[in-house]
1. Against the definition (in contact with a Gly (Cβ under 8 Å, 6 or more places away or on another chain), within 20 Å of T31 (Cα to Cα) and free of Cβ contacts under 8 Å to residues at least 60 places away in the same chain), how does G151 come out, yes or no?
2. Would region 45-55 turn up any residue that is assigned by TED's automatic domain parsing to the domain that holds N214, of a type in the set (K, R), within 18 Å of F217 (Cβ to Cβ) and touching a residue at least 40 places away in the same chain (Cβ under 8 Å)?
3. Name the residue that is nearest to E91 (Cα to Cα), counting only residues in region 122-141 that are in contact (Cβ under 8 Å) with a residue 40 or more places away in the chain and not hydrophobic (A, V, I, L, M, F, W, C).
4. Hey, does region 104-127 have a residue that's over 17 Å from A149 (Cβ atoms) and surrounded by 16 or more Cβ atoms within 10 Å (Cβ to Cβ)?
5. Looking at region 9-34 only, could you name the residues that are under 20 Å from the mean Cα position of the chain (by Cα) and either outside the structural domain of G221 (by TED's automatic domain parsing) or among the aliphatic types (A, V, I, L, M) (or both)?
6. From (1) closer than 26 Å to T38 by Cβ; (2) within 16 Å of the chain's Cα centre (by Cα), pick out the condition that doesn't hold for R216.
7. Can you confirm whether E165 is under 28 Å from M228 (Cβ atoms), acidic (D, E) and in the same structural domain as N229 (by TED's automatic domain parsing)?
Amino acid sequence: MSPILEINNIETYYDLIYAIRGVSLSVEEGTITTILGTNGSGKSTILKTVMGLIEDQPEKGTILFQGKRIDGKDPEEIVRMGLSYVPEGREIFEELTVYENLAMGAYTRKDRKGIAEDMDRVYGHFPVLKDRKDQWAGTLSGGEQQMLAIGRALMNRPALLFLDEPSLGLSPILVREIFEIIQAIHREKTTILLVEQNARMALSISHFGLILENGRFVMKGDAKSLLMNKDVREFYMGIRSEASVKGYQRWKRKKAWR
């Protein structure tokens, strides 16, 4: 495998506040890579920085996509190069139809036949969108809007897909469905960088994982190892280790005797 995305020592500021501090990251082609972290740790900022969505950022460092520098480029140019982004909160065009939203995802393309093929591909992943193609996007449920946001990004036929908190606000059943679709998209040879708070689900479908705290990566490794790491399990999945549980129980017993 070779890296499709290389982030080298980038620093991003919001005014005078450090958001990303010397972050380096390599995403291997053909993989699913997950970034985990608490709210405010800088996960979304990394994606926005790569996409050129934060003006005059990164302050330092370089970003290479398929071997070419993209730091400093306009978002439209980055999209044309084959990188798509599904933002947190979906950000669909509520006053356009489902079909029009999907068509907007292909606005950089001119190949009508290919666009039609990808529209069918999206409908294959999300049959409900085909059923609602003439419906206003703003009237869709939260899960359907998330599907639409992912479908719109796929219309760019990306080599690399960014997904920012795709499970946010969804029911457990819809979360499982979304993650199954992410796996199906990956099987179609799309590399994926996933930002997600549902650590268990994200790591279970990923090849690699990284833990971000206060704008810095504090842990990296293959996803299976992180999934079994006691600190990750305790702090990001709410699964306390046997030792910590026994310690807590001893403390409870002592407190009860006082």
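1. Values: in contact with a Gly (Cβ under 8 Å, 6 or more places away or on another chain): yes; within 20 Å of T31 (Cα to Cα): yes; free of Cβ contacts under 8 Å to residues at least 60 places away in the same chain: yes.
Yes, satisfied.
2. Of region 45-55, the ones assigned by TED's automatic domain parsing to the domain that holds N214 are 45-55.
Now drop any that are not of a type in the set (K, R), which leaves 48.
Filter once more, so that each one left must be within 18 Å of F217 (Cβ to Cβ): 48.
Subsequent filtering for residues that are touching a residue at least 40 places away in the same chain (Cβ under 8 Å) retains none.
No; the residues of region 45-55 include none that is assigned by TED's automatic domain parsing to the domain that holds N214, of a type in the set (K, R), within 18 Å of F217 (Cβ to Cβ) and touching a residue at least 40 places away in the same chain (Cβ under 8 Å).
3. So in region 122-141, the residues in contact (Cβ under 8 Å) with a residue 40 or more places away in the chain come out as 125-126, 136-138, 140.
So of that shortlist, the ones also not hydrophobic (A, V, I, L, M, F, W, C) come out as 125, 138.
Numbers: H125: 20, G138: 10 Å.
By that ranking, first place goes to G138.
4. Yes, region 104-127 contains at least one residue that is over 17 Å from A149 (Cβ atoms) and surrounded by 16 or more Cβ atoms within 10 Å (Cβ to Cβ).
5. Hits for region 9-34 are I10, A19, I20, V23, L25, V27, I32.
6. (2)
7. Spelling it out, E165 is indeed under 28 Å from M228 (Cβ atoms), acidic (D, E) and in the same structural domain as N229 (by TED's automatic domain parsing).
The values are calculated or read from the model by the stated rules, or taken from the named source; none is laboratory data. Keep in mind the model is a prediction, meaning the values are calculated, not measured. In this analysis, Cβ positions are derived from the backbone assuming ideal geometry, glycine residues included, and neighbour counts consider all displayed protein chains.
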